[in-house]
Amino acid sequence: MDHPEKAVFGACVAALLMKFFLFDFMITEGLSMLPAIKPGTILVVIRTAYGFRLPWSAGDSVPSYLLRWAAPKEGDVVVFFTPRGDTAVKRCNALIGKDAFFALGDNTRESYDSRFYGPVPVDHIIGKVLGIK
């Protein structure tokens, strides 16, 4: 290969595009999802499980989906932005219409969830937890 720096640059660009548009890795904090997810667990999050959105959006604090092809199902573990703007990992307990869901932590004694802040707009979902490592 004549220009290995081009290959390295191309690989870095491809990795960044995949992180922003397709999937992400996140490390959990807190006790709200015990015993299923312990603090420090690495989550593989698929960003396109419910639709496609750009990771930025002019004027919005939470970017909306450009295309939405699915809604979370009861029992799905999702990563989303809370009304305070924090990132949270909770289980979808119920859909409320087609545009919101009720999020509950598995460890209800330690979970700050929809019982406190109400239904969460589906557009606030970052992605669905695909794997736990």
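Mind checking which residues of segment 9-35 are among the small types (Gly, Ala, Ser) and closer than 20 Å to LEU130 by Cα?
Residues of segment 9-35 among the small types (Gly, Ala, Ser): 10-11, 14-15, 30, 32.
ALA15, GLY30, SER32 - these are the residues of segment 9-35 that are among the small types (Gly, Ala, Ser) and closer than 20 Å to LEU130 by Cα.
Could you tell me whether ARG84 is of a type in the set (Lys, Arg) and either under 17 Å from the mean Cα position of the chain (by Cα) or part of a loop (DSSP other than H, G, I, E, B) (or both)?
On the way: of a type in the set (Lys, Arg): yes; either under 17 Å from the mean Cα position of the chain (by Cα) or part of a loop (DSSP other than H, G, I, E, B) (or both): yes.
Judged against the criteria, ARG84 is a match.
Being modelled with pLDDT under 90 and either surrounded by fewer than 16 Cβ atoms within 10 Å (Cβ to Cβ) or among the charged types (D, E, K, R) (or both) is the filter here; which residues of segment 35-64 pass it? So that I can check it myself, show each step before the final result.
Start the filter on segment 35-64 by keeping residues that are modelled with pLDDT under 90, which leaves 52-64.
If the condition is that a residue be modelled with pLDDT under 90 and either surrounded by fewer than 16 Cβ atoms within 10 Å (Cβ to Cβ) or among the charged types (D, E, K, R) (or both), then PHE52, ARG53, LEU54, PRO55, TRP56, SER57, ALA58, GLY59, ASP60, SER61, VAL62, SER64 are the ones that fit.
Residues to consider are PHE116, PHE102, PHE81; find the one that is of a type outside the set (D, E, K, R) and under 22 Å from PHE23 (Cα atoms).
On the way: PHE116 fails: under 22 Å from PHE23 (Cα atoms); PHE102 fails: under 22 Å from PHE23 (Cα atoms).
Sole residue among the options that is of a type outside the set (D, E, K, R) and under 22 Å from PHE23 (Cα atoms): PHE81.
Spot the failing condition for GLY118; the list is (1) in contact with a Phe, Trp or Tyr (Cβ under 9 Å, 6 or more places away or on another chain); (2) modelled with pLDDT of 95 or more; (3) within 21 Å of LEU34 (Cβ to Cβ); (4) not charged (D, E, K, R), and only one is missed.
(3)
The values are calculated or read from the model by the stated rules, or taken from the named source; none is laboratory data. Computed from a predicted structure; not experimentally measured. Glycine gets a Cβ as well: all are built from the backbone with ideal geometry, and neighbour counts include every protein chain shown.
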